[in-house]
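Only one structure is covered here, and it is reproduced in the block below.
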Amino acid sequence: MKTRRYAWFLPALLGMIILTSCETQEKAPAEEVATLSAAEEKELLDQAQTLFGVLPASMPGAEEDTPEQIALGDKLFHDTRLSENNSQSCNTCHNVDAGGPGVDNQPTSLGAFGKRGARNSPTVLNAGYQVMQFWDGRAADLVEQAKGPVMNPVEMAMPSEAVVVQRLQDVPEYVAAFKAAFPKERTPVSYTTMARAIAAFERTLISRSRFDEYMEGKQDKLTQVEKRGLKTFIETGCITCHSGPAIGGSTFQKLGLAHPYATTDAGRYDVTKESSDSLIFKVPMLRNIALTAPYFHDGSIKDLHEAVRLMAWHQLDKKLDTTQIHEIVAFLGSLSDPSRKAAAQ
């Protein structure tokens, strides 16, 4: 009787096992991918070393920075007194404290008086490796960039250079620090020396990752899915723009090169007024990209998978499948500095 009573159980159990097995196969981790052969591994590493090169040990200009300038720049970078209402510092939008990724992880940043900027704040980490600064390249280097936000009416909103300098001169500690940092300057406290000090500090914000160890020949530093992602990244054509040690940041490109991208932002045209620069933006660095959401100049895309899909379509006329996107995102994750993390959302 017991056998009859429970006779239904074995087929049902078998069915559950089969169903579970099917579900497990469908939801199998994408990390379970084909292993690259030794020859493929070597070829991929050789390609990567040629396309990206090694991140230099220091940023351009760092050889002239002194410990005094760096220390002063660190203090200025974190000082809210550089904003009109003492509410905003450089670090507010470019957070580097407690492992911050150099951004505020907001679509666009709030300024001193509660207004949002028009563009997403890019990371300050590794920024000095870029060819120019800002999305539209309106600053030639970190010194010029550091001058911009302080007097931007939406950002830190200081009314003039003179007011900034006076505020700094009113702090005895700053007067002494500027003299120590710029002993050869007839006027140590100036708007330019302020920017030079901030730039000196920013040039210390070098961020490395497992990818750098891989580039040194340590192939085990990337997982198989990350390596396949690197391979897909190269073969898809992403390296057309995202190459060099910073994985971008060295060129400008039209947004919507293959298919139009909806935006009212004219990009570099606002700087040059040349029609050929309409919708031209600096290609962003991809280092720490997994930590710096949301994405694009307008901060409109929250998810990195979606950002990859859209860029492949708008820039390369490619429709990537789910596996390709997953692989590329896995590779991009290897570009994250293990000491950094995104802000809690």
Worksheet item: At what distance in nm do the modelled label points of residue 223 and residue 342 sit from each other, each positioned 7 Å from its Cα along Cα→Cβ?
Response: 1.7 nm
Worksheet entry | For residue 252, distant residues with modelled amide H under 5 Å away | 283
Worksheet item: Under 5 Å between amide H atoms, partner at least 5 residues away or on a different chain: which partners does residue 297 have, H built in plane at 1.01 Å?
Response: none
Worksheet item: Between the helical axis of 142-151 and the dominant principal axis of the chain, each derived from Cα atoms, what acute angle in degrees is found, rounded to the nearest 10?
Response: 80 degrees
Worksheet item: Cβ under 13 Å from residue 251's Cβ, residue 251 left aside: what net charge do those residues give with Lys, Arg +1 and Asp, Glu -1?
Response: +3
Response to the item:
One computes Rg over Rh for the chain from alpha-carbon atoms, with the Kirkwood Rh, and obtains 1.10
Discussion item. Show me, for segment 329-336, the HN-Hα J-couplings you get by feeding each phi into the Karplus relation (A = 6.51, B = -1.76, C = 1.60, θ = phi - 60°), rounded to Hz, glycine and proline as x.
Written reply: 5, 4, 4, 4, x, 6, 8, 7
Item to complete: For segment 207-219, just list the computed ³J(HN,Hα) in residue order, Karplus coefficients 6.51, -1.76 and 1.60, θ = phi - 60°, integers in Hz, with x standing in for Gly and Pro.
Response: 10, 10, 8, 4, 4, 5, 5, 4, 5, 7, x, 8, 5
Practice prompt. Taking DSSP loops as anything outside H, G, I, E and B, show the longest stretch in the chain free of trypsin sites (Lys or Arg not before Pro) there with at most 11 other beta carbons within 10 Å.
Written response: 28-183
Item to complete: Once you've got the Cα coordinates, tell me which of 218/341; 254/282; 115/302; 147/273; 319/341 are over 19 Å apart.
Response: 218/341; 115/302; 147/273; 319/341
Worksheet, complete the sentence: Computed from the beta carbon distance with a Förster radius of 30 Å, FRET efficiency for residue 131 and residue 86 to the nearest 0.05 stands at 0.30
Discussion item. Quick check: the distance between the Cα centres of segment 174-216 and segment 44-82, to the nearest angstrom?
Written reply: 9 Å
Item to complete: Quote to one decimal, in nm, the extra length available between residue 259 and residue 51 on full extension: 0.36 nm per residue of separation minus the C-alpha distance between them.
Response: 72.3 nm
Item to complete: Report the longest stretch of the chain that contains none of the GluC sites (Glu not before Pro) sitting in a DSSP loop with at most 15 other Cβ atoms within 10 Å.
Response: 33-184
Worksheet, complete the sentence: For residue 318, the aspartates and glutamates lying under 13 Å Cα to Cα, once residues fewer than eight places off in the same chain are dropped, come out as 235
Item to complete: Using a Förster distance of 25 angstrom, determine the FRET efficiency expected from the C-beta separation of residue 173 and residue 204, and round it to 0.05.
Response: 0.75
Worksheet item: Which part of segment 62-99 falls in the paramagnetic zone of residue 163, meaning amide N under 12 Å from the point 7 Å along Cα-to-beta-carbon?
Response: 82-86
Worksheet item: How much length is gained if the chain between residue 58 and residue 302 is pulled fully straight, taking 0.36 nm per residue apart and subtracting their Cα-Cα distance, in nm to one decimal?
Response: 84.7 nm
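We did not get these values from a lab; they are worked out from the coordinates using the rules stated. Just so we're clear, the structure is a prediction, and the values are computed from it rather than from any experiment. Quick reminder, even Gly has a Cβ in these numbers, built from the backbone with ideal geometry, and neighbours come from all protein chains shown.
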